[in-house]
1. Can you tell me which of (1) assigned to a helix (DSSP H, G or I); (2) open to solvent by less than 50 Å² (accessible area, probe 1.4 Å); (3) free of Cβ contacts under 8 Å to residues at least 12 places away in the same chain is the one B:G33 doesn't meet?
2. Where the second residue is among the aromatic types (F, W, Y) and open to solvent by less than 10 Å² (accessible area, probe 1.4 Å) and the first is outside any strand (DSSP E or B) and lies in the range B:6-22, which pairs have Cβ atoms under 8 Å and are six or more apart or on separate chains?
3. Can you spot a residue in the range B:112-130 that is part of a helix (DSSP H, G or I), facing another protein chain (nearest Cβ under 9 Å) and over 30 Å from B:S215 (Cβ atoms)?
4. Can you tell me which residue within the range B:80-89, out of those that are open to solvent by 10 Å² or more (accessible area, probe 1.4 Å) and more than 9 Å from chain A (Cβ to nearest Cβ), is farthest from B:D146 (Cα to Cα)?
5. Considering only the range B:163-176, I want to know if a residue exists there that is open to solvent by 20 Å² or more (accessible area, probe 1.4 Å), at pLDDT 95 or above and not in a helix (DSSP H, G or I).
6. What is the one condition in (1) free of Cβ contacts under 8 Å to residues at least 24 places away in the same chain; (2) in a loop (DSSP other than H, G, I, E, B); (3) within 14 Å of chain B (Cβ to nearest Cβ) that A:D146 does not satisfy?
7. In a loop (DSSP other than H, G, I, E, B) and of a type in the set (A, V, I, L, M): which single residue out of A:I2, A:I28 fits that description?
8. Restricting to the range B:51-70, name every residue that is in a loop (DSSP other than H, G, I, E, B) and facing another protein chain (nearest Cβ under 7 Å).
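The values are calculated or read from the model by the stated rules, or taken from the named source; none is laboratory data. Values in this document were obtained by computation on a predicted structure and should not be read as measured data. Note that we place each Cβ from the backbone using ideal geometry, even for glycine, and neighbour counts take in every protein chain shown. Heavy atoms of the whole protein, side chains included, go into the accessibility calculation; ligands, DNA and RNA do not. Shrake-Rupley method; radii C 1.70, N 1.55, O 1.52, S 1.80 Å.
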2 protein chains.
Amino acid sequence: MITCIGFDADDTLWQNETFFRLTEARFIDLLGGDPGLTDRLHEAEKRNLGHYGFGVKGFMLSMIETAIEATEGQVGAPVIAEIMAMGREMLRHPIHLLPGAEEVVRALAQDHRVIVITKGDLLDQERKLAQSGLGDLFHGVEIVSDKTPETYARAFARHGAGAETAMMVGNSLKSDVIPALQAGAWGVHVPHALTWAYEHAEPPLAAPRFRVINSLLDLPNLVNGLFTYNR
Amino acid sequence: MITCIGFDADDTLWQNETFFRLTEARFIDLLGGDPGLTDRLHEAEKRNLGHYGFGVKGFMLSMIETAIEATEGQVGAPVIAEIMAMGREMLRHPIHLLPGAEEVVRALAQDHRVIVITKGDLLDQERKLAQSGLGDLFHGVEIVSDKTPETYARAFARHGAGAETAMMVGNSLKSDVIPALQAGAWGVHVPHALTWAYEHAEPPLAAPRFRVINSLLDLPNLVNGLFTYNR
């Protein structure tokens, strides 16, 4: 029986990667259109994760760094200022809920403890949750610096009865599904058309608690099915 | 009786502001030495708090913004790169514990739930706690986007028996002491020689649960004194 259901936020409950992709495209345009900049930017982001962690502020700093490196220090300050304006725009972007987010969370909250487990910048994730209108539906919110098996063990112990009776739902196999499975929980993948290269991983097909659904709208049936099956 | 004691981290358990001041001084040198830049930088930080929240990454972005504005867009990319290098250095700075931090937390942890309540960037605060060697002494860690009365009410409900039987200890009247008092907890001020202008506030002298100590080393006596008095 599932007592606690954890939801990833970005690209699980609401659109997020699309704003990064749009900003990336504007960034490349701004620097003259070389498509090779995408790879350089992704490399900078990856290299800087250990310094900056996940989130928009680190992305802004990686864009600035890439602009300086790719132009061999020739980029002008007005371009840097424009990059910062683009980043601040991301920090204000409106929330577009994904199909089913509200009704599914509301329905499952009746019989389960539902929580959000998300990484990124603290203030930005809180802002998005507040603007999503979903905040009051959740019994708890965990904004974390990374998603490891320990992250899930701790969150499900804090908000539920431990990982054994918990389920994690998200669009990232690498961050949402695989470490939750390793912690002993169910791991439900809801693929999103856009997923950051960093979050790619092989599907853990052999894991007995791994499930895939096409949309959050399929989640209540999955949860009820597991429950029936386990009786 | 006090069941739960919350500690601020930066400039309460370990040095922090000193690294900001050193970086500020280097920033001003880098831009030619105009001391008026300090005010401009502080204004940018304050203006950007709502976008970036607290922490080093926002400070880096505010330094870059100030450099661009103060030079009317003439600052060169190598200077921006140097600002970013200074920021990354802050994210790696070694931890210097303040006097008594370890022994006082260790002693109070025997009879109380001791927790850290800190704002700033998630990953950076986790890194500092890990490097401080104090991590295992604490029963809980709350890294928060801001410190309001609700923050304290929630943290002390989660980790203790509520704010009524809790105490918050920190160097900032504005963030650590006053909102904790407003939540109904004890608020203990441990002044630090360097405190960011943003954190200044009038001492809440009329509040019956307000206390001031010169050093963390005075905290056990204060806690025991309160306990004796309340009997």
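1. (1)
2. B:L13/B:F7; B:F20/B:F59
3. no
4. Here the answer is B:E82.
5. Within the range B:163-176 (the criterion being open to solvent by 20 Å² or more (accessible area, probe 1.4 Å), at pLDDT 95 or above and not in a helix (DSSP H, G or I)), the answer is no, since none of the residues qualifies.
6. Only one criterion in (1) free of Cβ contacts under 8 Å to residues at least 24 places away in the same chain; (2) in a loop (DSSP other than H, G, I, E, B); (3) within 14 Å of chain B (Cβ to nearest Cβ) is unmet by A:D146, namely (1).
7. Going through A:I2, A:I28 in turn, just one is in a loop (DSSP other than H, G, I, E, B) and of a type in the set (A, V, I, L, M): A:I2.
8. If the condition is that a residue be in a loop (DSSP other than H, G, I, E, B) and facing another protein chain (nearest Cβ under 7 Å), then B:G53 is the only one that fits.
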